[in-house]
Amino acid sequence: MLKNYVFTILFVSWVLLITALSLFSFSGMELDAGKLDIPYADKLTHLIFYMVFAILGCLFIRERTQGNWSRSVTMKYVVIMAIVYGILIEVLQYTITEDRMAEMGDVLANAIGAIAGIGFIRWYFSKERPLKWKI
């Protein structure tokens with residue numbers, strides 16, 4: 001029974017994780033990163049999180065529609081959904097959190113990550129791959 005909902009569970013869990021990590025306050029917590037200093041690591045994190053969001057979002061829609069939505073419609077919908085969700089999270093960070101900042105750079109990194117995830121889906125379900133979009 002649960003195997004019919006694998007991507008639904010993964011996608012909803014991923015969205016909840018992003019929401020929690022984006023809105024949870026880390027002030028007062030000492031996170032020791034050691035001597036590792038990666039420039040723009042937060043933007044890279046945004047990119048990766050939204051790339052996974054887009055991949056799981058496409059697989060979620062494919063699972064729920066049994067592949068009846070075309071791949072291109074699904075990809076457009078997921079990119080729009082990811083960008084709107086990313087903007088919403090940034091607005092919430094600005095309005096309801098005290099120590100988190102909304103940044104346009106984060107929105108841009110989210111959008112680039114979503115587009116990269118769509119690129120992966122496009123490649124993965126390409127004609128050269130044995131996996132078909134329609135279930």
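The values are calculated or read from the model by the stated rules, or taken from the named source; none is laboratory data. For clarity, every value in this text was computed on a predicted model and none was experimentally measured. Positions of Cβ are generated from backbone atoms using ideal geometry, with glycine treated the same way; all protein chains shown enter the neighbour counts.
Filter segment 82-122 for residues that are in contact with a Phe, Trp or Tyr (Cβ under 8 Å, 6 or more places away or on another chain) and free of Cβ contacts under 8 Å to residues at least 24 places away in the same chain; which is surrounded by the fewest Cβ atoms within 10 Å (Cβ to Cβ)?
Among those residues, the one meeting the criterion is Met101.
Within segment 123-135, can you find the residues that are surrounded by fewer than 16 Cβ atoms within 10 Å (Cβ to Cβ) and closer than 15 Å to Leu56 by Cβ?
Matches in segment 123-135: Tyr124 only.
Assuming Ile55 fulfils every condition listed in (1) assigned to a helix (DSSP H, G or I); (2) loosely packed, with under 15 Cβ neighbours inside 10 Å apart from one, which condition is it?
Of (1) assigned to a helix (DSSP H, G or I); (2) loosely packed, with under 15 Cβ neighbours inside 10 Å, only one is false for Ile55: (2).
Yes or no: segment 102-118 includes at least one residue that is among the aliphatic types (A, V, I, L, M), touching a helix residue (DSSP H, G or I) at 6+ places or on another chain (Cβ under 9 Å) and within 24 Å of Lys3 (Cβ to Cβ). Talk me through it step by step, then tell me what you get.
Of the residues in segment 102-118, the ones among the aliphatic types (A, V, I, L, M) are 102, 104, 107-109, 111-112, 114-116, 118.
With touching a helix residue (DSSP H, G or I) at 6+ places or on another chain (Cβ under 9 Å) added as a condition, the list becomes 102, 104, 107-109, 111-112, 114-116, 118.
Within this subset, residues satisfying the condition of being within 24 Å of Lys3 (Cβ to Cβ) are none.
Within segment 102-118 (the criterion being among the aliphatic types (A, V, I, L, M), touching a helix residue (DSSP H, G or I) at 6+ places or on another chain (Cβ under 9 Å) and within 24 Å of Lys3 (Cβ to Cβ)), the answer is no, since none of the residues qualifies.
So Glu63 passes all but one of these: (1) crowded, with 16+ Cβ neighbours inside 10 Å; (2) assigned to a loop (DSSP other than H, G, I, E, B); (3) among the charged types (D, E, K, R). Which condition number does it fail?
Among (1) crowded, with 16+ Cβ neighbours inside 10 Å; (2) assigned to a loop (DSSP other than H, G, I, E, B); (3) among the charged types (D, E, K, R), the lone unmet condition for Glu63 is (2).
In segment 76-135, what count of residues is obtained for those that are of a type in the set (A, V, I, L, M, F, W, C) and over 19 Å from Phe49 (Cβ atoms)? Walk me through it before giving the result.
Residues of segment 76-135 of a type in the set (A, V, I, L, M, F, W, C): 78-84, 87-89, 91-92, 96, 101-102, 104, 107-109, 111-112, 114-116, 118, 120-121, 123, 125, 131, 133, 135.
With the extra rule that they be over 19 Å from Phe49 (Cβ atoms), the set shrinks to 96, 123, 125, 131, 133, 135.
Total satisfying the criteria: 6.
With the condition kept exactly as written, say whether any residue in segment 106-129 is modelled with pLDDT of 85 or more, out of contact with any His (no Cβ under 8 Å at 6 or more places or on another chain), more than 19 Å from Trp69 (Cα to Cα) and not hydrophobic (A, V, I, L, M, F, W, C).
No: zero hits.
Among the residues that make up segment 20-28, is at least one of them surrounded by 11 or more Cβ atoms within 10 Å (Cβ to Cβ), of a type in the set (Ser, Thr, Tyr) and modelled with pLDDT of 85 or more?
Yes, there is a match, as at least one residue in segment 20-28 is surrounded by 11 or more Cβ atoms within 10 Å (Cβ to Cβ), of a type in the set (Ser, Thr, Tyr) and modelled with pLDDT of 85 or more.
How many residues, within segment 66-81, are in a helix (DSSP H, G or I) and exposed (fewer than 15 other Cβ atoms within 10 Å of the Cβ)? Let's see the steps before the verdict.
To start, the set of residues in segment 66-81 that are in a helix (DSSP H, G or I) comprises 71-81.
Going one step further and asking which of them are exposed (fewer than 15 other Cβ atoms within 10 Å of the Cβ), we end up with 72-73, 76-77, 80.
Number satisfying all stated conditions: 5.
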